[in-house]
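What follows is a single structure, written as structure tokens, with notes after it.
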Amino acid sequence: MIELTGISKLYQLGGVEYPALSDVSLSIRRNEFMALTGASGSGKSTMMNIIGCLDSPTAGTYSLDGEQVAGLDEEALASVRNRKIGFVFQNFYLMPRMTAIDNVAQPLIYRGIAPSLRRAHAERALQRVGLGDRMRHRPNEMSGGQRQRVAVARALVGQPELLLADEPTGNLDSRTAREILDLFRQLHDEGQTVVIVTHDPSVAACCKRLVRLHDGHIAEDRDV
């Protein structure tokens, strides 16, 4: 589903070129449950931004579900993100004054979907993550684990090809983190492609494939 070939990314820092990624090639199959890991400065955040269409490589090609995206402009990349990628972040990024169902329905506004249909999709997404009884609660009325489930439902509501999670358990206690990882495993079992970006070896060990970056190169790629 994802094909990265010869991906490089150079940043200019004080007039000096800094290679964040160097000639990286990676394939991710549909319905994989993969961890992208590495130490700070390894290139994993840059790789996540490229996979998530948040940034473009300096060189190389990137195909997402058969669509070439490496050379697209910002508007086209935004369209790909909206249609094909669901994001889950460490800090949840929920709107505090909105209920869970309104938070989840928010991405569908940008697709021009009618309000009644947005609400139906949001209800199904919340039920899918086990929050059918919390739809009208606001974030401050929910636990950290429940807020992250709302964030997962929001990522899923548009039926993305790829669910991309950036340190999704970083703000959770160990028990709640296990619950969220179990949710990702359940979604994978249902057919969802999941990529978790993490520096935590215990989180990476919960996935079925581990790709570790080091100094802008793939240092390890193995089944877990």
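Where a number appears in this text, it was derived from the coordinates with a stated rule and is not lab data. Everything quoted here is computed from the prediction, not taken from an experiment. Every residue, glycine among them, receives a Cβ derived from its backbone with ideal geometry; neighbour counts consider all protein chains shown.
Out of residues 5 or more away from LEU213 or on other chains, whose amide H comes under 5 Å of its own, with H placed 1.01 Å from N in the peptide plane?
THR37, GLY38, ALA219
Working from the pairwise distances between different alpha carbons, so that the mean of 1/r is found and then inverted, what is segment 136-215's Kirkwood radius in Å?
It is 13.4 Å.
Mind checking which of ALA100, ALA177, ALA205 has the largest fluctuation in a GNM of the chain, springs on alpha carbons under 10 Å?
Comparing ALA100, ALA177, ALA205 in the GNM, the peak value goes to ALA205.
What length, rounded to one decimal in nm, is gained on full extension from LYS208 through to GLU3, with 0.36 nm per residue of separation minus their alpha-carbon distance?
Taking 0.36 nm per residue and subtracting the Cα distance, the gain is 71.9 nm.
Given +1 on the Cβ of Lys and Arg, -1 on the Cβ of Asp and Glu, and no further charges, what dipole in debye does the chain carry about its Cα centre, rounded to the nearest 20?
Dipole magnitude for the chain comes out near 940 debye.
For a label point 7 angstrom out from the Cα of ASP223 toward its Cβ, which stretches of segment 149-187 have the backbone nitrogen within less than 19 Å?
Taking a point 7 Å out along Cα→Cβ of ASP223, the residues of segment 149-187 whose backbone N falls under 19 Å are 185-186.
(i) 16.3; (ii) 10.6; (iii) 12.5: which one is mean projected area of the Cα convex hull in nm² as calculated from this entry?
Derived directly from the coordinates: (iii).
Output wanted: per-residue J couplings in Hz (rounded whole) for segment 30-44, from phi through Karplus 6.51 cos²θ - 1.76 cosθ + 1.60, θ = phi - 60°, x for Gly and Pro.
4, 6, 7, 10, 10, 9, 10, 9, x, 6, 4, x, 6, x, 5
Given a Förster radius of 25 Å and the C-beta distance between TYR18 and ASP73 as r, what FRET efficiency does 1/(1 + (r/R0)^6) yield to the nearest 0.05?
0.55
Rounded to the nearest 500, what is the chain's calculated 222 nm mean residue ellipticity when only DSSP H runs of at least 4 contribute -39500 (n - 2.57) each, over all residues?
Here the helix-only value at 222 nm equals -10000 deg cm²/dmol.
Just to check I understand the Karplus step: with θ = phi - 60° and J = 6.51 cos²θ - 1.76 cosθ + 1.60, what whole-Hz values come out for segment 54-65, glycine and proline as x?
Here the 3J(HN,Hα) series is 8, 8, 10, x, 6, 8, x, 10, 9, 10, 10, 6 Hz.
Would you mind working out the magnitude of the charge dipole of segment 102-164 relative to its Cα centre, with +1 at each Lys and Arg C-beta and -1 at each Asp and Glu C-beta, to the nearest 20 Debye?
60 debye
Which whole number in µm²/s is D for segment 24-124 by Stokes-Einstein, with the Kirkwood Rh taken over Cα pairs at 4 °C and 1.567 mPa s?
D = 82 µm²/s.
Taking 0.36 nm per residue of separation and subtracting the Cα-Cα distance, what length does fully extending ASP200 through ALA114 add?
26.9 nm
Whole-Hz Karplus ³J(HN,Hα) for segment 12-26, in order, using 6.51 cos²θ - 1.76 cosθ + 1.60 and θ = phi - 60°, x for Gly and Pro?
9, 10, x, x, 10, 7, 10, x, 7, 9, 9, 6, 8, 10, 7
Please report the spacing between the Cα centers of segment 150-219 and segment 10-59 in Å, no decimals.
Between the Cα centres of segment 150-219 and segment 10-59 lies a distance of 17 Å.
Could you work out the relative contact order of the chain? I mean the mean sequence separation of Cα pairs under 8 Å and 6+ apart, divided by the number of residues, in percent.
29 percent
Local charge sum around ARG134 (other residues, Cβ-Cβ under 11 Å, Lys/Arg +1, Asp/Glu -1)?
Value of the local net charge: +2.
Considering the dipole of the chain built from charges on the beta carbon (Lys and Arg +1, Asp and Glu -1) around the Cα centre, which of MET95, HIS199, LEU26 is farthest to its positive end?
MET95
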